[in-house]
1. Condition first: open to solvent by less than 60 Å² (accessible area, probe 1.4 Å) and touching a Lys or Arg at 6+ places or on another chain (Cβ under 8 Å). Can you find one or more residues in the stretch 149-158 that meet it?
2. Out of all the residues in the stretch 159-197, which are open to solvent by less than 60 Å² (accessible area, probe 1.4 Å) and of a type in the set (D, E, K, R)?
3. Filter the stretch 37-91 for residues that are modelled with pLDDT of 90 or more and among the β-branched types (Val, Ile, Thr); which is farthest from Phe147 (Cα to Cα)?
4. Let me spell it out: the conditions are (1) out of contact with any Ser or Thr (no Cβ under 6 Å at 6 or more places or on another chain); (2) aromatic (Phe, Trp, Tyr); (3) at pLDDT below 95; (4) surrounded by 12 or more Cβ atoms within 10 Å (Cβ to Cβ), and Phe225 meets all of them except one. Which number is the exception?
5. For the stretch 44-94, give me each residue that is without any contact (Cβ under 8 Å) to a residue 40 or more places away in the chain, exposed (fewer than 15 other Cβ atoms within 10 Å of the Cβ) and hydroxyl-bearing (Ser, Thr, Tyr).
6. Do you know which of the residues in the stretch 198-218 that are in contact with a Cys (Cβ under 8 Å, 6 or more places away or on another chain) and not aliphatic (A, V, I, L, M) is least open to solvent (accessible area, probe 1.4 Å)?
7. Of the residues Leu134, Leu105, Leu153, which is at pLDDT 90 or above and under 14 Å from the mean Cα position of the chain (by Cα)?
Amino acid sequence: GKSTWIMKPCAKCQGVGIFLISKLSQIKKWSAKNGEASGKDQYVISRYIDHPLLVGGRKFDLRIYVLVTSYNPLRAFVHRQGFGRFCTIKYSSASSDLDNVMMHLTNVAVQKHSEDYNEDHGGKWHIKNLRLWLQATYGQEQTDACFSAMRSLIYHTLKAAQSIIINDKHCFEMYGYDVLLDATLKPWLIEVNASPSLSATTPSDLAMKTQVINDTLNIVFPDNFPESNKNNNRSDECWRCDHSRPLALPAPLQPSRQYAA
């Protein structure tokens, strides 16, 4: 069938400069039309997922927070308080709708300009609620397999970069993973954001991101540093890799069984 391609400038964020094309030959026309301006930015061209998983007919992607405290050995944590970001307009794969960014780009910076943008929930849905919806719609087994695949995706992304990342035991990094689920519940990595935005759009968003920051600091700081941190409670409920059962302590990210040696 006919493929759709998405072009994204490397040095920009919040959906700026992203557009879709139905033929790679259209790049030449776009370049000629934009002249010198088209040569100032480098672009990543990816095959577009034409059949994303839809909720209420709308496309969404997931923001998942991953804390890496060491690359050698690899030690990473996945935060439970991720969220889905929804488009305000129902999805269509028709070529005539390729220019409708409200239908294709989930970035809040884009969606907040829509007439249908909801200030109360900000177009976001907690990942816990998404999991419940998946369980009710597809069953427990498929839902567990989906989340396991997302964890494997995160693990192999980190392993792929492990050898080129400068490792320092005094440093850490929290990444914002953007993941898209297709209609078969297969996760696709969109991008990994270093120093992801922690600005909030709603009160619940603020509470969630404040918890992410708090949990990050409680993990990376020793119990006796600073002295006042001794009485802070670590939110073990939030930092863990297994979303289906509680753990006594945050567990390091491990590959799923199918990739185990």
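The values are calculated or read from the model by the stated rules, or taken from the named source; none is laboratory data. No experiment lies behind these values; they were computed from the predicted model shown. We place every Cβ from the backbone using ideal geometry, glycine too, and count neighbours over all the protein chains shown. Surface accessibility is based on the protein's heavy atoms, side chains included, excluding ligands, DNA and RNA. Shrake-Rupley method; radii C 1.70, N 1.55, O 1.52, S 1.80 Å.
1. Scanning the stretch 149-158, I find at least one residue that is open to solvent by less than 60 Å² (accessible area, probe 1.4 Å) and touching a Lys or Arg at 6+ places or on another chain (Cβ under 8 Å), so the answer is yes.
2. Glu173, Asp178, Asp182, Glu191
3. It comes out as Thr69.
4. Answer for Phe225: the failing condition is (4).
5. Ser92
6. At the first step, the residues of the stretch 198-218 found to be in contact with a Cys (Cβ under 8 Å, 6 or more places away or on another chain) are 211-212, 215.
Cutting the leftovers down to not aliphatic (A, V, I, L, M) gives us 211, 215.
Details: Gln211: 54, Asp215: 0 Å².
The selected residue is Asp215.
7. Values: Leu134 fails: under 14 Å from the mean Cα position of the chain (by Cα); Leu105 fails: at pLDDT 90 or above.
Exactly one residue qualifies, and that residue is Leu153.
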